[in-house]
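Values in this text are rule-based calculations from the coordinates and carry no lab data. Just so it is clear, the model here is predicted, and its values are computed rather than measured. Glycine gets a Cβ as well: all are built from the backbone with ideal geometry, and neighbour counts include every protein chain shown.
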Amino acid sequence: MAQLISGKAYSLSEIFCGENDKVIIPDLQRDYCWGNPISDNAEDSLASSFIDSILRLEKSQEITMGLIYGYYDKVLTPYHLQLCDGQQRLTTLFLIIGVINRMLPGNKYRDLLISNFELLEDDNEPHLLYGIRESSLYFLSDLTLHYFLKDSLSVNELGDQSWFLNSYHHDPTIASIIRALTTIECKLKDCKNLELLGDFLILKLKFLFYDMDNRQNGEETFVVINTTGEPLTANQNLKPQIMMANPSYSRCTNDSQNGVFNAAQDWEIMETWFWKHRKKNEYDTSTEGMLAFLHCVRILESGDESSWYKNYEISNDKFPLSISMDTIWKWFCAYKRMYETDYVRLFTPKVNYPETQSHYTQKELYSILPTMVYCAKYPEASVNNIQRVYHILCNMARYRSVYRSPKNEAINVPGYRMCELIKSLPGEDILGLLELPKFDVEEEISKLTFIKTTAVDEEQRRLIEVLFAEAEDFSIYDGQIQTLVTWSNGCYNRLSELFNAIKELWIIGASRNKLRQALLAYGIDGYPMDTGTANLTLCSKTEWRTLFEQNGESILSFIQTFIEERSLDSIIKNNIDRNSLYNPLIQNIDYLDFAQDHKIRVYAQNVIEVMEKTRANGNYKLFHNGEVFEKTLVKMDSWGGFRIWSDGNISVFYAKSSMYNITLDMNIENDGYRIIAWLDRAPNKTSVRPSALKDLGFDNVEGVWSLPIIASPKQAKEKFSYITYELDKKMLDS
């Protein structure tokens, strides 16, 4: 094939031809991607749509498919067309021709796939070559030889062949080509005249060629085309721009690679790494990881805090070309070190880039960015030290506000300030934070101080760190264990003893209510705990930690008692007070099981309300003088439930008839309970005859219908219930 002439139209038979002529996809190009689904929520690919449109075309007429842009290196490879635009279309057409060739007898279109010279005398290079990475280059050769020129393999068997190199599994171009081949075979299996289709493709489809003259013009045109036409992903679009902006970039290595790498090669290394560490899903690519990393780089290179504020959560942002390839590579090495570190020792989740957005959340950035700064500052840092840095950041993100300040407040980006602290570390050890006045997080200071003053060697330090991490991860703590550290008085054995007891006592499950009984019996100060609302809490989740912080000495005494006695039943038995306000709850665990949200109220005159879930529209039980008063003490359909009213000084039990003009109160008095009937609170309802009240033992004293004092709470409860049922009967009988 002679060089294509700018401005002329060429068929595929004129593009894919010649003994040593090649169409090269140069390293400035993006990966082949038309085999991939159009979006996460779609199954169709651009390759699928492209084939459908071709199958609909009139096969007897010529059609121009548009422009292709390229250039020739007239000195080194004068017959190798370096393609700048048209990659996706030409690659897909090459694949279609290959599939048709294997579906027809006699290798009819072999010459468009590979020349006789290459096949018989040279390196078996097909007419289409990918210069993006070596694996893509070799794969197209293998694909042509073992698949397009033979019909013994199915596309599903490609990955099992001996020639299918391990690197092929990690190449996004290859993955997309295989998807495209699957689509092509499916589309063509019902084609009734493959030869007519093949001849149409190689003879009737034509492309206008535009010569870019040289590589520089080709790169510039690639950028223009792909920033004004169909948008590329950030890493695909950035590659040629970074190459142009860093023409003199060079990285020398003295390791096993032992070579000099330019910007394109290092970019390929990064893309390959992100491909290997991609999300393993049906439509996996390296894009998400690369975008998340580039966003981190942009933030880290933003400068001052106000610039960080602007860039912290920007999606689809343009990457500044002022950030050099040297800087990108530096941050990549730091990011790679951080990402590949295993944090399981300290119960910390490994770094995982986001699946549904192009950058990490602010909470994730708070841990990731300072760790990247650390890894860049100390490239030879030990794994243990990287774990320590990332762990303390992740732990602080549990309980501190790590989000940038609202727009109407002074600028505050916690991630920026943490990065500045890491930059100020006096050495590789995270204990150096103790020397920085601006590090004022008391929770972490207490733990770092404990380690510094207690650990006698690296082995004991790791033991302490693991115990701290396990405690932080324990359900009641949510990262904050300062009370536990304080209680241990700088002694590792005491720390371990206390935490083991806490784990045993506060383990999730039914035993928590046995623990609540023991705490009530023991008489822990401030328990049940005031929540600042009308409710008290028997504690759940992180409320326990608050109880520890507010009533440390009393809780520590309880834990020590458990360590000595090893039995909650023993604690309950030895401390029970029959006159305790909470004695019913201590005596009967069913009441605590009933309180699903562990909330109670204490009213005037020592009335306790235990709520099943919430007070509004919820079920509850009322307790007084050791007796339980159920909501269903009265008929729900006619009285609406047994309730309580309190003004802070007195409490009154009551039930209101839903049919008649009567409300029953049960007042709590010094020597018992007095039941009172009110006949004037619902004048629109049917009146109750006074004779009905007299029959039930009520007397009218100064206009108030009441019963004599009942001393026993149980008898008072039974009498109240009896009256409501009898009144219903009497009113119905009348």
| task | Among the listed pairs Lys377/Lys438; Lys447/Lys514; Lys8/Lys189; Lys22/Lys204, give every one whose C-alpha distance is greater than 26 Å. | result | Lys447/Lys514; Lys8/Lys189
| request: Among the listed pairs Lys635/Lys714; Lys74/Lys239; Lys150/Lys187, give every one whose C-alpha distance is greater than 22 Å. | output: Lys74/Lys239
| message | If R₀ is 35 angstrom, what is the calculated FRET efficiency for the pair Glu543 and Ser570, using the beta carbon separation as r and rounding to 0.05? | response | 0.85
| remark: Per the helix-only model, the chain has a calculated mean residue ellipticity at 222 nm (DSSP H runs of ≥4, -39500 (n - 2.57) each, divided over all residues, rounded to the nearest 500) of -13500 deg cm²/dmol
| For the stretch 539-597: rounded, prolate or oblate by the Cα gyration tensor [a/c cutoff 1.5] | oblate
| Volume per residue that the Cα convex hull of the stretch 471-554 spans, once the total is divided by residue count, Å³ | 95 Å³
| field | Stretchable slack from Lys423 to Thr361, in nm (0.36 nm times residue separation minus alpha-carbon distance) | value | 20.1 nm
| request: Note down the magnitude of the dipole of the stretch 508-603 about its Cα centre, charges +1 on Lys and Arg C-beta and -1 on Asp and Glu C-beta and zero elsewhere, to the nearest 20 debye. | output: 200 debye
| task | Could I get the Rg over Rh figure for the stretch 600-661? Both from C-alpha atoms, Rh via Kirkwood, rounded to two places. | result | 0.97
| remark: Highest mean packing first, using Cβ neighbours within 10 angstrom, the peptides 523-534, 388-399 sort as 388-399, 523-534
| request: Mind running the shape call on the stretch 366-450? Use the C-alpha gyration tensor, a ≥ b ≥ c as the square roots of the eigenvalues: rounded below 1.5 for a/c, prolate if a/b tops b/c, oblate otherwise. | output: prolate
| Mind ordering 145-152, 115-122 by average Cβ neighbours within 10 Å, highest first? | 145-152, 115-122
| message | Across the stretch 8-228, what fraction of all alpha-carbon pairs, as a whole percent, falls in each successive 5 Å bin from zero upward? | response | 1, 7, 14, 19, 22, 19, 12, 5, 1, 0
| task | List, in the order given, every pair from Lys350/Lys503; Lys363/Lys503; Lys503/Lys631; Lys318/Lys363 whose Cα-Cα distance in the structure shown is over 32 Å. | result | Lys503/Lys631
| said: Could you list Cys191, Cys539, Cys17 so that the one with the fewest beta carbons within 10 Å of its beta carbon is first and the one with the most is last? | reply: Cys191, Cys17, Cys539
| request: For the stretch 8-228, give the share of DSSP beta bridges that are antiparallel, in percent and rounded to the nearest 5; count only bridges with both residues there. | output: 45 percent
| said: Report for the chain the percent antiparallel among DSSP-assigned beta bridges with both residues inside it, nearest 5. | reply: 80 percent
| field | Cα-based shape type of the stretch 33-88, given that a ≥ b ≥ c are square roots of the gyration tensor eigenvalues and the cut on a/c is 1.5 | value | oblate
| Set of aspartates and glutamates with alpha-carbon distance to Lys206 below 19 Å, sequence-local pairs under 8 removed | Glu14, Asp21, Asp52, Glu58, Glu62, Asp85, Asp111, Glu195
| To the nearest whole percent, what portion of all C-alpha pairs in the chain is separated by more than 47 angstrom? | 49 percent
